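Read the structure below first, then the notes.
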Amino acid sequence: MDTKSVISFAEEHSQRFIEDLIEFVKIPSISSSSEHTDEVRRCAEFLRNQMLQSGLQRAEIFETAGHPAVYGEWLGAEGKPTVLIYGHYDVQPVDPLELWETPPFEPSIRDGRMYGRGTVDDKGQIYVHLKAIECWLSKHGRLPLNVKFIAEGEEEIGSENLGDFLDNNQELLKADTAVISDTPMFKKGMPSICYGLRGLAYFQLNLRGSKQDLHSGSFGGAVKNPIHALTEIIAQLKDENGHISIPGFYDDVLPISDEEREDLSALSFDEESYRQDVGAPALFGEEGYSVLENLWARPTLDVCGIWGGFQGEGAKTIIPAEAHAKVSMRLVPNQNPERVGDIFEAFIKEIAPSEVEVSVERLHGGDGFVADVSHPAFNAAKRALQKGFGKEAVFIREGGSIPFVQTMVDALKIPCLLIGFGLPDENAHAPNEWLDLENYQLGIISSIYLYDELAND
């Protein structure tokens, strides 16, 4: 089928596609907040309706033990392959709200960017595919291949129920290739295919030192302060060279090959510009590895939050009864989140001061992913991106996690193309999240080409 008329349709309707995305972003689908449960469902219903309006033959909501999944399909291309498109409609919390220049759920456009929570992660990237589908069906009444679409509402909280959905619906989701747009490009003007993701293991540490807060004058010097104990524990998790101190943590880590190190070096990553962009006085990472290697191919451990005691205005002289911390680990492929959880918990109990009670909550986790880029689908993706952006695509890894990817690959036995149209500095998970609208349009055009290339590969 002719792609020129499809591309023309995309260009003619580019402003409407932006307006449609604004309506999607307006819905505060924060999956981690029980206060937004109704809004998450409303967002699922909105997306189902958008699937139908794009021309999909079927679209429906599937219930899970948590937030619902939305499934859509168009299966009218007999004898052609089937592509499974995955995305998520849930978004991160907006805290700290005071750092947003404009309200997070009132999308605004400034300097070619759309600002709002979920613009790039992942509502804008979901719409890249829906709009590409709409363009094909509007011009030809059919697609060059069969399409299935699955969007979940729990990616930002670990995709806890999507595995069960996959297990129960393998025939429904059966496909030849999966496509996910939830990763960034290496940089603007450089279309990228991501072939690796880190896994995740996330924990909460809970410490208790007394049955209630105590007067620091009457009890200070006799009772261990849980905040002090917590900081002592945290200080032992990593050494001064960025090496994680948990015994056995690196046992399953696959080393970076010399070939991959050369490929990463060829990307011409400017570490000083990166430092300036993040606003840090200096960069820090595991000794012996470049910034890109530490970001993409090495495991990490970070304290994401810490709290306890009095935090109000003025002074209150207490020894707090409790202290808590959130600890996140990004894992590389071959590291198992359950095993990491076991050795982490054992290490915490070993180093915890005896004067406090310590417990470890396992919040969520997921496996990492590395693709076989020799599969023909990757060449089809490179050709599509070349046509869409006018530049050759590069292969990259991504330091973030999409837990469902490896689960899906293992269950369905299909290759997975991670083709993102976001940028590294678009503030995903942070205040003032934004989406580059030029990339949004080029993403739609590239996806139009992608479906054609996969159909004829």
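The values are calculated or read from the model by the stated rules, or taken from the named source; none is laboratory data. As the structure is a computational prediction, the values presented were derived from the model and not from experiment. Counting neighbours? That spans all protein chains shown, and the Cβs are built from the backbone with ideal geometry, glycine included.
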If the requirement is being surrounded by 21 or more Cβ atoms within 10 Å (Cβ to Cβ) and in the same structural domain as ILE348 (by TED's automatic domain parsing), which of these qualifies: LEU214, LEU230? LEU230
All but one of (1) more than 26 Å from SER374 (Cβ to Cβ); (2) in contact with a His (Cβ under 9 Å, 6 or more places away or on another chain); (3) surrounded by 24 or more Cβ atoms within 10 Å (Cβ to Cβ) hold for VAL147; which doesn't? (1)
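Within the range 162-176, take every residue that is in contact with a strand residue (DSSP E or B) (Cβ under 8 Å, 6 or more places away or on another chain) and over 26 Å from GLU453 (Cα atoms) and give me the one that is surrounded by the fewest Cβ atoms within 10 Å (Cβ to Cβ). Let's see the steps before the verdict.
Residues of the range 162-176 in contact with a strand residue (DSSP E or B) (Cβ under 8 Å, 6 or more places away or on another chain): 162, 165, 169, 172-176.
Those left that are additionally over 26 Å from GLU453 (Cα atoms): 162, 165, 169.
Details: LEU162: 23, PHE165: 23, ASN169: 14.
Ranking the candidates gives ASN169 first.
Within the range 280-306, which residues are part of a loop (DSSP other than H, G, I, E, B) and not small (Gly, Ala, Ser)?
Initial filter on the range 280-306 (part of a loop (DSSP other than H, G, I, E, B)): 280-290, 297-299.
PRO281, LEU283, PHE284, GLU286, GLU287, TYR289, ARG298, PRO299, listed by residue number.
Among the residues in the range 150-164, are any part of a strand (DSSP E or B) and not β-branched (Val, Ile, Thr)? Quick ask: steps written out before the conclusion?
Just the residues of the range 150-164 that are part of a strand (DSSP E or B), to begin with: 150-152.
This time we only want the ones that are not β-branched (Val, Ile, Thr), so: 151-152.
Within the range 150-164, one or more residues are part of a strand (DSSP E or B) and not β-branched (Val, Ile, Thr).
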Only one of GLY309, GLY341 is among the small types (Gly, Ala, Ser) and assigned to a loop (DSSP other than H, G, I, E, B). Can you tell me which? GLY309
Anything in the range 42-55 that is out of contact with any Leu (no Cβ under 8 Å at 6 or more places or on another chain) and touching a residue at least 40 places away in the same chain (Cβ under 8 Å)? List them, or say none. CYS43, ALA44, LEU47, GLN53
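Inside the range 321-338, can you point out the residues that are among the polar types (S, T, N, Q) and in a strand (DSSP E or B)?
Taking the range 321-338 first, the residues among the polar types (S, T, N, Q) are 328, 334-336.
Within the range 321-338, SER328 is the sole residue that qualifies.
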Within the range 375-393, can one find any residue that is in contact with a Gly (Cβ under 6 Å, 6 or more places away or on another chain) and either crowded, with 22+ Cβ neighbours inside 10 Å or in contact (Cβ under 8 Å) with a residue 24 or more places away in the chain (or both)? no
Of the numbered conditions (1) acidic (Asp, Glu); (2) surrounded by fewer than 16 Cβ atoms within 10 Å (Cβ to Cβ); (3) within 27 Å of the chain's Cα centre (by Cα), ASP239 satisfies every one except a single condition; which is it? (3)
So which of ILE396, ILE402 ends up being surrounded by 19 or more Cβ atoms within 10 Å (Cβ to Cβ) and either without any contact (Cβ under 8 Å) to a residue 24 or more places away in the chain or part of a strand (DSSP E or B) (or both)? ILE396
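May I ask you to list the residues in the range 139-154 that are small (Gly, Ala, Ser) and closer than 21 Å to GLY79 by Cβ?
GLY141
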Which is part of a loop (DSSP other than H, G, I, E, B) and of a type in the set (S, T, N, Q), of GLN204, GLN212? GLN212
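Tally time: how many residues in the range 428-457 are in a loop (DSSP other than H, G, I, E, B) and crowded, with 20+ Cβ neighbours inside 10 Å? If you could, list the steps in order and put the result at the bottom.
Restricting attention to the range 428-457, the residues satisfying the condition of being in a loop (DSSP other than H, G, I, E, B) are 428-433, 457.
If we keep only those that are crowded, with 20+ Cβ neighbours inside 10 Å as well, we get 428, 433.
Of the residues in the range 428-457, 2 are in a loop (DSSP other than H, G, I, E, B) and crowded, with 20+ Cβ neighbours inside 10 Å.
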Name every residue in the range 294-353 that is within 20 Å of ASP252 (Cβ to Cβ) and among the charged types (D, E, K, R), in order of residue number. ARG298, ASP302, ARG330, GLU338, ARG339, ASP342, GLU345
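Here's a check for you: in the range 248-286, which residue that is of a type in the set (Asp, Glu) and free of Cβ contacts under 8 Å to residues at least 12 places away in the same chain is surrounded by the most Cβ atoms within 10 Å (Cβ to Cβ)?
Within the range 248-286, the match that is surrounded by the most Cβ atoms within 10 Å (Cβ to Cβ) is ASP270.
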If VAL358 satisfies all but one of (1) among the hydrophobic types (A, V, I, L, M, F, W, C); (2) surrounded by 17 or more Cβ atoms within 10 Å (Cβ to Cβ); (3) more than 15 Å from the chain's Cα centre (by Cα); (4) modelled with pLDDT under 95, what's the number of the condition it fails? (4)
